[in-house]
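This report refers to the structure that appears directly beneath it.
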Amino acid sequence: MVSSRLTKSARSLVRVAVFALVLLILGVSFVLRGYLTEEPLPFDRSQAIFVGRAVCAECHVREAQAYQGSHHDLAMDVASDETVLGDFSNAELEHHGSVFRMFRRNGDFWVTAEGNDGQMREFKIDYVFGFTPLQQYMVKMDESSEPSTSSSRAIGRVQVLRVCWDTKQRRWFHLDPPDVHERLKPEDPLHWTGVAQRWNTFCADCHSTNLLKGFDIASNRYHTTFSEIDVSCEACHGPGSYHAEFAKKPLAKWKRGITLGLAPMKASPENQIQVCAPCHSRRQILREGSLAGDNFYDNFSLSLLTRGVYFADGQVEDEDYIHGSFIQSKMYHKGIRCTDCHDPHTAKLKASGNQVCTNCHQHPTAKYDSPAHHFHKTGGPGAQCIDCHMPPTTYMNVDPRHDHSIRIPRPDMSISLGTPNACTGCHINANRIAEEKRGNLRQYLDWLHAAEEGDEEIRAELARLDQWCNEACDRWYGETRNREEHFAFALQSARRRLPQAKDQLVKLINQRGDRAPAIARATALNELLTIDPQVASVEGRNNLRDPHPLVRAAAIAATAGMDNRNQRATLLQSLLNDPIRSVRIEAVRGMADSGAGRSGSLATAAYQSALSELENSLLAMRDRGGAQVALGILAEQHGRNAAALRHYEDAIRIDPHSSGARNNLAALLEQLADEHMNRSASTTDEIRQSKDLAQTLRERARNLRREEWQLLERDVRLLPKDALLQYRVGLSRYLHDDYSGARSAFESAIELDPHVPGYHLALALLFEKLDDLPAARETLSRGLQFAPDNQDLRSLKDQWER
């Protein structure tokens, strides 16, 4: 009996235990369900808050330690004994007659430099920029437009000095603008007090975290804020408030795949690359306040392979900050991402030397990392992968940067196209050139520019080296070595306006794969528009649905060659709903150019939304005169003349030394004067008032055109080889009855770029004005040789033949 009772009791206890265990499992499962699921918790990413690196470091200790002392950590800082690296012990630097003196006073750092009034003055150094291989110094020129509070650290206008510290050679040097090696006048935008050296405009958004420019148009002052002064955790990962809040929950570390507002760097190579791209690209901002992890093309317009920035084969000529180069590469097309080579927290390479490459390119018996592949002595020049596949160019005087298009050297293309190749760049020898030229040949890029400008001695030496390098490659790799078709042939033909350019561009536009990267195809569309607008419009229409936003945006621009403006506006209407903002902006811009804004026939909700995005993209650059001019043109296109007047006036006030705005304002004032004169009036007083107002408007327009003329004449003295500038100067001289000067300018424009129909048209009409019809007809005939399908030239020819 006792045994039976114990057995029943034990069974009861087992049942209770089993029941409790089931409840426990169910409870734990219920609790874990919210943490182990791959579905993110609901949140509004735009409402996330920047919490700062200290919060991140509470959990991510190793990453925080690696970040300390990195280029990102030291991107910008307050000037102090710990951060300033330059010699401020009364050091002096002479540059084109100006003497800069760097000194200390009361514990602060000071420099004597020329102010915007042309007088030498003392300026206190407030901030430092970077730390190696050079450090730059910045000066607060005025205070914020709004007072700082305990929660807001606001900065007014800040200028970056051109006097820099070389941290390797431990010397001061003057950072000249590219191709400008003379004393800059205080009114020059390139002067250190000018807009080109303004931190708020050009530097701030990539050197600080959560930066808001805060420019006030009315007061022409800044209220620039940031959450952290340098490039901190949330600059790359996005605002961390949701992530930090979730990390405090029980068992949070077991939940994987949930970023909660942070940039999805591991989702795909493209996700990560687009996190880095905003600061490592040459681009134009489309929206203020973008967050890391947002689609790059939703917030920025990437520079294409334009002259002066890239060579025709896509190799970097001017600084492109890497992204535009990398997306050309086979590495990019095979899914390689930034962190395959670079540690994201130290910002250093993950390995040393060739190990960076051989981590992936592993082959038996060191197929690539050996003289059997590179044919150079181990440990010497040419034995490093980057010597041949990522050649460096030095910018900012002391900063060598490697081309990230990661290509095989092609001396055969150098021979036929004049593009660079790493072999020639490594083997150039200034001792073979006249001694008086050697001082200007600091690197391969200088040789290329000198050859382009017509130096026959340098051109001949480069041709000799190109041939020598090509023959060496033939010996090493055989005549069947890599000579695959390259987009450079099409783009260089376009730049040289060769007869085969049109067909080559069309072929490139319709190619796919890593031989025709999107950036090259988009560039081809732009080039084709300048060569044959009608063919460009056809290719534009055919590529409006291309998978890549760069190509879609370029295709929209290419449709400008369509003869029927209404048809173009209707065609672009469907692109107003494109998922990518840069494409929608280009679509509404094209529609506005086609007259959709004034007609109102296409002013749909989608049009108004895209128009607002276009306006906001220009307002993101509202501290630039050019952006205000663009806003003025947009306002005119929509019949908002009062707004256009305001924008043109703002452009002149904000950027008084720049040309362009005065001419637009003068044209609008003259239009308004005509409207006043044509307005019906019922009384003598009303007629007199209209005449007086029209006269006032025309007088203001005349003054503006005189001012514009002076600015254009200044610009053309500085940039005499700019064809478009010569054309604009010609128009300005014509309006001021300087017909001889106008002719000279138009002829210079044609000589610099004979393939632009408008230059020939302007000169032909000028000859007609001067009653020199033989010269007018000859000019028109020459223009038709270069642009046989141009409707304006043909119409004028038909008119004269009737």
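Quick notes on this one:
- Residue in segment 231-242 that is in contact (Cβ under 8 Å) with a residue 40 or more places away in the chain, under 30 Å from D650 (Cβ atoms) and acidic (D, E) present: no
- Residue in segment 569-576 that is modelled with pLDDT of 95 or more, farther than 28 Å from P757 by Cβ and surrounded by 21 or more Cβ atoms within 10 Å (Cβ to Cβ) present: yes
- Matching residues in segment 48-86 - criterion: being over 31 Å from the mean Cα position of the chain (by Cα) and open to solvent by 60 Å² or more (accessible area, probe 1.4 Å): A54, E58, C59, H60, V61, R62, Q65, D81, E82
- Every residue from segment 566-606 that is within 27 Å of the chain's Cα centre (by Cα) and among the hydroxyl-bearing types (S, T, Y): S582, S594
- Every residue from segment 49-74 that is of a type in the set (A, V, I, L, M, F, W, C) and either in contact (Cβ under 8 Å) with a residue 24 or more places away in the chain or under 19 Å from S227 (Cα atoms) (or both): I49, F50, V51, A54, V55, C56, A57, C59, A64, A66, L74
- Taken over segment 461-500, the criterion of being surrounded by 19 or more Cβ atoms within 10 Å (Cβ to Cβ), in a helix (DSSP H, G or I) and of a type in the set (F, W, Y) is satisfied by F489 alone.
- Cβ separations smaller than 6 Å between residues 6+ apart or across chains give the following pairs from segment 321-338 residues that are at positive phi to residues that are open to solvent by 30 Å² or more (accessible area, probe 1.4 Å) and not in a helix (DSSP H, G or I): Y321/H280; Y321/R282; I322/H280; I322/H404.
- Where a residue in segment 762-790 is closer than 22 Å to A494 by Cα and in contact (Cβ under 8 Å) with a residue 24 or more places away in the chain and its partner, wherever it lies, is surrounded by 14 or more Cβ atoms within 10 Å (Cβ to Cβ) and aromatic (F, W, Y), with Cβ under 8 Å and at least six apart: G783/Y759
- Top-ranked residue of segment 364-406 - restricted to ones that are at positive phi and among the polar types (S, T, N, Q), ranked as surrounded by the fewest Cβ atoms within 10 Å (Cβ to Cβ): T365
- Hey, A555 more than 11 Å from G540 (Cα to Cα) and in a helix (DSSP H, G or I) or not: no
- If you check A351, A347 for being within 32 Å of the chain's Cα centre (by Cα), without any contact (Cβ under 8 Å) to a residue 12 or more places away in the chain and open to solvent by less than 50 Å² (accessible area, probe 1.4 Å), only one passes: A351.
- Filter result (closer than 9 Å to L260 by Cβ and either touching a Lys or Arg at 6+ places or on another chain (Cβ under 7 Å) or modelled with pLDDT under 90 (or both)) within segment 232-243: Y242, H243
- Residue selected from segment 258-287 under the condition touching a strand residue (DSSP E or B) at 6+ places or on another chain (Cβ under 7 Å) and not aliphatic (A, V, I, L, M), by the criterion farthest from G324 (Cα to Cα): Q284
- Within segment 89-106, the only residue that satisfies the criterion of being touching a residue at least 24 places away in the same chain (Cβ under 8 Å) and farther than 26 Å from V195 by Cα is A91.
- S303 open to solvent by 20 Å² or more (accessible area, probe 1.4 Å) and polar (S, T, N, Q): yes
- Of all residues in segment 229-251 being crowded, with 20+ Cβ neighbours inside 10 Å and in contact with a Ser or Thr (Cβ under 6 Å, 6 or more places away or on another chain), the one that is farthest from N616 (Cα to Cα): S232
- Criterion: within 30 Å of the chain's Cα centre (by Cα), of a type in the set (F, W, Y) and closer than 23 Å to P392 by Cβ - qualifying residue of W447, W468, W476: W447
- One residue stands out in segment 501-535 among those that are in contact (Cβ under 8 Å) with a residue 60 or more places away in the chain and among the acidic types (D, E): the one that is surrounded by the most Cβ atoms within 10 Å (Cβ to Cβ), namely D532.
- Residues of segment 661-695 satisfying the condition of being assigned to a helix (DSSP H, G or I), more than 30 Å from Q710 (Cβ to Cβ) and open to solvent by less than 70 Å² (accessible area, probe 1.4 Å): S690
- T559 vs. criteria in contact (Cβ under 8 Å) with a residue 12 or more places away in the chain, out of contact with any Cys (no Cβ under 6 Å at 6 or more places or on another chain) and crowded, with 19+ Cβ neighbours inside 10 Å: yes
- Helices (runs of 4 or more DSSP H) fully within segment 584-649 that include at least 2 residues being open to solvent by 30 Å² or more (accessible area, probe 1.4 Å) and either touching a residue at least 60 places away in the same chain (Cβ under 8 Å) or farther than 22 Å from M562 by Cα (or both): 605-619, 625-637.
- Just one residue in the set S80, S98, S89 is of a type in the set (S, T, N, Q), at pLDDT 95 or above and touching a Lys or Arg at 6+ places or on another chain (Cβ under 9 Å); that residue is S89.
- Screening F129 on (1) surrounded by fewer than 14 Cβ atoms within 10 Å (Cβ to Cβ); (2) under 30 Å from V51 (Cα atoms) shows it passes everything except condition (1).
- Flag for I386 being closer than 28 Å to H280 by Cα and part of a helix (DSSP H, G or I): yes
The values are calculated or read from the model by the stated rules, or taken from the named source; none is laboratory data. From a predicted model like this one, the values you see are computed outputs, not experimental measurements. Reconstructed Cβ throughout: ideal geometry from the backbone, glycine too, with neighbour counts over all protein chains shown. Note: areas computed on protein heavy atoms with side chains; ligands, DNA, RNA excluded. Shrake-Rupley method; radii C 1.70, N 1.55, O 1.52, S 1.80 Å.
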